[in-house]
Amino acid sequence: MMLAQNHDVDIEGACEASLACCTCHVYVEDPYFERLDEADMKEEDLLDMAPFLAENSRLSCQIVLRKDLDGMQVRLPVGTRNMRVDTKGQQAQQEADER
């Protein structure tokens with residue numbers, strides 16, 4: 001998650017990786033999903049609240065990067081509960097309305 005944020009990917013990470021939200025939900029592409037450590041019960045519970053949950057859903061804040069994950073690709077869901085992205089959209093709409 002932090003690597004994505006450092007490269008301007010719109011992943012909010014509202015809880016700052018404290019495993020208290022689902023705003024960093026991603027889809028992990030094959031074959032990397034199978035290489036990840038298994039999600040613990042708390043991550044599974046939070047993923048249940050993530051919009052557009054899929055078989056390959058994970059919270060990116062829980063993915064620990066290792067050599068065997070080099071080249072891993074993740075996708076963002078088409079919708080999210082990402083307040084930063086939602087706020088950007090609202091601000092852009094407000095500016096357009098004011099013009």
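The values are calculated or read from the model by the stated rules, or taken from the named source; none is laboratory data. Everything numeric here is computed off the predicted structure, so don't read it as measured data. Counting neighbours? That spans all protein chains shown, and the Cβs are built from the backbone with ideal geometry, glycine included. Each accessible area value is taken on the protein alone, full model and side chains, heavy atoms only, with ligands, DNA and RNA left out. Shrake-Rupley method; radii C 1.70, N 1.55, O 1.52, S 1.80 Å.
You will find that of A54, A92, the residue that is open to solvent by less than 80 Å² (accessible area, probe 1.4 Å) and at pLDDT below 90 is A92 and no other.
Here segment 64-87 is the region considered, the condition is being closer than 17 Å to D10 by Cβ and assigned to a loop (DSSP other than H, G, I, E, B), and the residue that is modelled with the lowest pLDDT is N82. If you go through segment 57-72 and pick out every residue that is among the basic types (K, R) and open to solvent by less than 50 Å² (accessible area, probe 1.4 Å), you end up with 1.
Helices (runs of 4 or more DSSP H) fully within segment 1-56 that include at least 1 residues being farther than 13 Å from R75 by Cβ and in contact (Cβ under 8 Å) with a residue 40 or more places away in the chain: 2-6. May I ask you to list the residues in segment 1-50 that are under 13 Å from the mean Cα position of the chain (by Cα), loosely packed, with under 12 Cβ neighbours inside 10 Å and more than 26 Å from D70 (Cβ to Cβ)? Residue satisfying the conditions is M49 alone.
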